[in-house]
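Have a look at the structure below, then the notes.
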Amino acid sequence: WEKIDVEKRSMDEIYEMEITFNEMIDSLKENFEKQEAFVSNASHELKTPIQIIKSYAQLIERQGKKRPELLEESVGAIDSEADRMQKLVEQLLLLAKHKSENKKQKINIREIVEQVVQTIQNAYPARSIQLNAENGNYEAFGNIDQLKQIPYILIENALKYSEDDVLVSMYSDAGKSFIQFKDFGEGISDEEQEKIFDRFYRVDRARNRKTGGTGLGLAIAKEIIEAHGGKITVESKIRKGSTFIWELGQN
Ligand code: ADP
């Protein structure tokens, strides 16, 4: 009897081990596929501006002397593609770095938001970014360089995808603290709202080529916010505008 019992128990254990093992393999496979998709997207995104730069350089080489009017257009395109590539490389490094960096300290998010609003306002004097901060607890424990990226990304997007004022508000509700970034621009459809936080996703690739987007900004913002225990959500209506809401993590 005892023998049968032992055998039965070990069969159960083996069966359980098999389930755990299969789950582990599935999760490894999923991670690997995600990583593979990321590398393939990243290299595609990097190759495109290189190809464009090369083709303009060749155009200048072949026709530049005969058709000097081509020069201005080509140099402009080379310059903006180089800018896009630079931004892409910076953001890819940011994504890679944020996974490995662990320098944490106590941070006053209100100060960070005030600084970033000021810096962006100085860089875009023709636009208006209004900040309204209610009293509250905006302390966080985290990495200051990473946390600074969040208002940068969300305010720059608001400026890029709208023409009116951008409103930044800080408030507390039910013991939680929020920072809200509101614009009155083109808006995002319900369907697109689910995808915009994915890496490399852009609503309209052709149009966004002109705005110099990389499709990484919101993915970076989301990863950093979640790594600090917070949440990001969006509320938006086409042609009415968008509001991105950053809920701070509880300390
Ligand atoms: P990008 O570099 O293209 O701006 P993001 O990851 O920051 O990349 O944003 C992804 C996409 O989400 C953008 O291409 C744009 O279509 C849309 N989007 C982001 N912010 C806004 C906004 N404030 N208003 C309208 N659309 C937005």
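Here, each number is a calculation from the coordinates, and none is a lab measurement. Bear in mind the structure is a predicted one, so any value in this text is a computation, not a measurement. Positions of Cβ are backbone-derived with ideal geometry, glycine not excepted, and every protein chain shown enters the neighbour counts.
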Consider region 215-251. How many of its residues are within 13 Å of the ligand (Cβ to nearest atom) and part of a loop (DSSP other than H, G, I, E, B)? 5
Is it fair to say Glu90 is assigned to a helix (DSSP H, G or I), of a type in the set (Asp, Glu) and surrounded by fewer than 16 Cβ atoms within 10 Å (Cβ to Cβ)? yes
Kindly state which strands (runs of 3 or more DSSP E) lie completely within region 102-200 and contain at least 2 residues that are away from the ligand (no atom under 16 Å from the Cβ) and over 17 Å from Phe244 (Cα atoms). 105-108, 139-142
What are the pairs, 6+ residues apart or on separate chains, where a residue within region 154-166 that is in contact (Cβ under 8 Å) with a residue 40 or more places away in the chain has its Cβ under 6 Å from a residue that is near the ligand (Cβ under 6 Å from one of its atoms)? Ala158/Asp183; Tyr161/Gly185; Tyr161/Glu186; Ser162/Asp183; Ser162/Gly185
Flag for Ser189 being among the hydroxyl-bearing types (Ser, Thr, Tyr) and surrounded by 16 or more Cβ atoms within 10 Å (Cβ to Cβ): no
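Each row is one residue, and each column tells you yes or no for (1) acidic (Asp, Glu); (2) in contact with a helix residue (DSSP H, G or I) (Cβ under 9 Å, 6 or more places away or on another chain); (3) farther than 30 Å from Phe181 by Cα.
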{"residue": "Glu13", "(1), (2), (3)": "yes, no, yes"}
{"residue": "Thr20", "(1), (2), (3)": "no, no, yes"}
{"residue": "Glu23", "(1), (2), (3)": "yes, no, yes"}
{"residue": "Gln35", "(1), (2), (3)": "no, no, yes"}
{"residue": "Lys65", "(1), (2), (3)": "no, no, yes"}
{"residue": "Gln86", "(1), (2), (3)": "no, no, no"}
{"residue": "Val89", "(1), (2), (3)": "no, yes, no"}
